[in-house]
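Read through the structure below, which is laid out as structure tokens, and then see the notes.
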Amino acid sequence: MKKLFALLLTLAMVLSLAACGAKEEAPADKGENAPAAEETGSVYYLNFKPEFDEALQGLAKTYTEKTGVEVKVVTAASGTYSDTLTAEMAKDEAPTIFNIGNMSGLKDWDEYALDLKDTALAGELNTDGFNLYNEAGELKAMGHCFESFGIIVNVDLLNAAGYELSDITNFETLKACADDIHARAGELGFDAFTSAGLDGSSSWRFSGHLVNMPLFYEFRDDGVVEQPATVTGAYLDNFRNIWDLYITDSSADAKTLSTSTGDESKAMLTEGKAVFYQNGSWEYASLTEAGLTNLAMIPIYCGVEGEEKAGLCSGTENCWAVNSQVSEADQKASLDFLYWLVTDAEAAQVVVDQLGAIPFKSAPESANGFLADGNELASAGNYTVTWAFNHTPNVDSFRATLVTALTAYSADPTDANWDAVVSAYVDGWAIEYATVNG
């Protein structure tokens, strides 16, 4: 009995001390000594790609339902991203995720971009090839998808004209095929090339993407890896080769290209009026939805020695940046959202379906046929034509000047007018570089 009494007494003392200890703690409702609750951040994603808007809005909604984190997506209208970004960054609630497209853009937004080098998101990359680094070596913008462009081919029409894809291996064979189709357009019921439209909705295909050809080969020869102050135009004759083919072997009137739109050019392919259409992998879904089931993408050949081993032009202008000026909570929320986009199986599948290939370890393969063509060329040992045009200084101004010169040349393709194209390219580059860099 004494032992039981002693045990009960000891237990009572322990409970008493525990109660006293509890009284000494600061009440939870006062919060004077309690640790501060972790701030919950939110995400504001300023989207660069209008065609990704619907899917991205759905992903944002799903993520909010799963995590409770607010994700707002705003999509800039086509061709207005730079102006929209500038305006939105000036607001109190600025974007937490935004796009930087190239090194020129990085110069403008470097101080607003968080260093992503040691983030979990960066740890998911399977290549460093599409990232943008500043002079300090900080990873300021992460290439989150890559695309390819080249010459899209309606293979059924090509076959109807008596040719196989394997017949086209360089500029010489492309020209021979296109010249023959153009000469027989009345008989065949279709022509070689769609319109090389120079309206604002289409001109970027040439002032940006086609210009990549002379830039790539010049930079390859000279070992250029960052934006140069000048360019030589060493391969502008090759640019002229392919441009002349575009504007000659087509039913489109070369004198009215300034008002010819991107939609008109695309319609010539989807309506079976032309075999060849320069554009990119981002068009695959819309073209197949339009009923084209036998498509391929071949390299842009322009007469450079050894181009038989060329691949597609591959790269990106889609690089995620996280705003370094917003709160740490918003930065974390933004990084978490991006991490989810590329690691969650269902989310990543949506991203791949919309954007094509994405350079992350756990990403599913793309069903995009044009990207498959690019992979096949690469697997065969062909070199990738990288996106040298990402180095273009003061991009919009440079391209506008070049389009003006191309428009004049197309309407009247004389050597004198081509000299103006050369000047817009060579002198224009130096002028725009000086404008940006002083």
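Looking at segment 71-88, which of the residues that are out of contact with any helix residue (DSSP H, G or I) (no Cβ under 6 Å at 6 or more places or on another chain) and within 20 Å of Leu335 (Cβ to Cβ) is surrounded by the most Cβ atoms within 10 Å (Cβ to Cβ)?
If we take residues in segment 71-88 being out of contact with any helix residue (DSSP H, G or I) (no Cβ under 6 Å at 6 or more places or on another chain) and within 20 Å of Leu335 (Cβ to Cβ), then Leu85 is surrounded by the most Cβ atoms within 10 Å (Cβ to Cβ).
List the pairs whose first member sits in segment 281-296 and is within 18 Å of Phe52 (Cβ to Cβ), whose second member is among the acidic types (Asp, Glu) and not in a helix (DSSP H, G or I), and whose Cβ atoms are under 7 Å apart, counting only residues at least 6 apart or on separate chains?
Ser281/Glu147; Trp282/Glu147
Quick test for you: out of Thr248, Thr270, pick the one residue that is within 25 Å of Glu187 (Cα to Cα), without any contact (Cβ under 8 Å) to a residue 24 or more places away in the chain and among the hydroxyl-bearing types (Ser, Thr, Tyr).
Exactly one residue qualifies, and that residue is Thr270.
Condition test on Lys266, is it in the same structural domain as Asn154 (by TED's automatic domain parsing), crowded, with 17+ Cβ neighbours inside 10 Å, under 16 Å from Asp199 (Cβ atoms) and not small (Gly, Ala, Ser)?
yes
When residues of segment 158-170 are filtered for being among the hydrophobic types (A, V, I, L, M, F, W, C), surrounded by fewer than 20 Cβ atoms within 10 Å (Cβ to Cβ) and under 33 Å from the mean Cα position of the chain (by Cα), how many remain?
Counting residues in segment 158-170 that are among the hydrophobic types (A, V, I, L, M, F, W, C), surrounded by fewer than 20 Cβ atoms within 10 Å (Cβ to Cβ) and under 33 Å from the mean Cα position of the chain (by Cα) gives 1.
When residues of segment 367-421 are filtered for being out of contact with any helix residue (DSSP H, G or I) (no Cβ under 7 Å at 6 or more places or on another chain), hydroxyl-bearing (Ser, Thr, Tyr) and farther than 24 Å from Thr248 by Cβ, how many remain?
1
Kindly establish whether Glu226 is in contact with a helix residue (DSSP H, G or I) (Cβ under 8 Å, 6 or more places away or on another chain), touching a residue at least 60 places away in the same chain (Cβ under 8 Å) and surrounded by fewer than 17 Cβ atoms within 10 Å (Cβ to Cβ).
Judged against the criteria, Glu226 is a match.
Just to verify a result, which residue in segment 102-142, among those that are closer than 14 Å to Asn390 by Cβ and touching a Lys or Arg at 6+ places or on another chain (Cβ under 8 Å), is surrounded by the most Cβ atoms within 10 Å (Cβ to Cβ)?
Only one residue fits best here, namely Leu132.
Have a look at Asn212, Asn241 and point out the one that is over 18 Å from the mean Cα position of the chain (by Cα) and at negative phi.
After applying the criteria, what remains is Asn241.
In segment 264-282, what count of residues is obtained for those that are in a helix (DSSP H, G or I) and at pLDDT 95 or above?
7
State which residue is farthest from Glu51 (Cα to Cα) when the search covers only segment 370-406 and only residues that are touching a strand residue (DSSP E or B) at 6+ places or on another chain (Cβ under 6 Å) and not in a strand (DSSP E or B).
Per the stated criteria, the residue is Asn382.
The values are calculated or read from the model by the stated rules, or taken from the named source; none is laboratory data. Everything quoted here is computed from the prediction, not taken from an experiment. Reconstructed Cβ throughout: ideal geometry from the backbone, glycine too, with neighbour counts over all protein chains shown.
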